[in-house]
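A short worksheet on the structure shown next.
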Amino acid sequence: MNNISINNRKASFEYLLIEKFTAGIQLTGTEIKSLREGKASIAEGYCLFIQGELWVKNMHIAEYTKGSYNNHEPKRDRKLLLNKKELVKLSRKLDKGLTVIPTVLFINKSGYAKLEIALAKGKKLYDKREDIKKKEIKRELDRSLKKG
């Protein structure tokens, strides 16, 4: 079985990730087949509460190539499966100005699609600049160690 893992690289740059949760995701048959081919993107995705349930919006799963009229809509809203305690915890934290974003979409050992979501706070421009500086310094150190 191949390991599918789709990362949201923009998430750690745009947001300060505070706490992570792993949620199941409700998919149709053609969606899981397309996901197993690795044809998905969570870069523009975000999560929100609708009537006490957590939903992920704007997550793109490409249409299955061999799917007929049963094919799914690529950017439809998908329900996330969390237990009640986790849902209550997340909804309370959202009131404090935080947001929930998808970070990693993967298929676990049992073959189920899972979405790692993170409770996050948006970074300011100066925080992003600081991160870029740290990465450049680390890159320079790695280069000098390889030469030396």
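Identify, by number, the condition in (1) under 30 Å from residue 134 (Cα atoms); (2) of a type outside the set (Lys, Arg); (3) at pLDDT below 85 that residue 43 doesn't meet.
Every listed condition holds for residue 43 apart from (3).
Any residue at all in the range 51-70 that's touching a strand residue (DSSP E or B) at 6+ places or on another chain (Cβ under 6 Å) and small (Gly, Ala, Ser)?
no
Consider only pairs whose beta carbons are under 7 Å apart and that are at least six residues apart or on different chains; among these, list those whose first residue lies in the range 23-40 and is farther than 12 Å from residue 115 by Cβ and whose second residue is surrounded by fewer than 17 Cβ atoms within 10 Å (Cβ to Cβ) and of a type in the set (Val, Ile, Thr).
Sorted first by the residue in the range 23-40, then by its partner, the pairs are 36/4; 38/4.
Could you name every one of the strands (runs of 3 or more DSSP E) located completely within the range 1-95 that has at least 2 residues being exposed (fewer than 15 other Cβ atoms within 10 Å of the Cβ) and not basic (Lys, Arg)?
Here the list reads 15-25, 46-50.
Please determine whether any residue of the range 124-146 is in contact with a Ser or Thr (Cβ under 6 Å, 6 or more places away or on another chain), without any contact (Cβ under 8 Å) to a residue 24 or more places away in the chain and not β-branched (Val, Ile, Thr).
No, the range 124-146 has no match at all.
If I ask for residues that are touching a Cys at 6+ places or on another chain (Cβ under 8 Å) and aliphatic (A, V, I, L, M), which ones from the range 79-108 would you list?
Within the range 79-108, 80, 100, 101 qualify.
Here are 147, 128, 123, 79: which of them is modelled with pLDDT under 85 and either of a type in the set (Ser, Thr, Tyr) or in contact with a Leu (Cβ under 9 Å, 6 or more places away or on another chain) (or both)?
None of the other options fit; the residue is 123.
The values are calculated or read from the model by the stated rules, or taken from the named source; none is laboratory data. These numbers were taken from a predicted model, which means no experiment stands behind them. Using ideal geometry, Cβ is built from the backbone for each residue, glycine included, and neighbour counts are taken over all protein chains shown.
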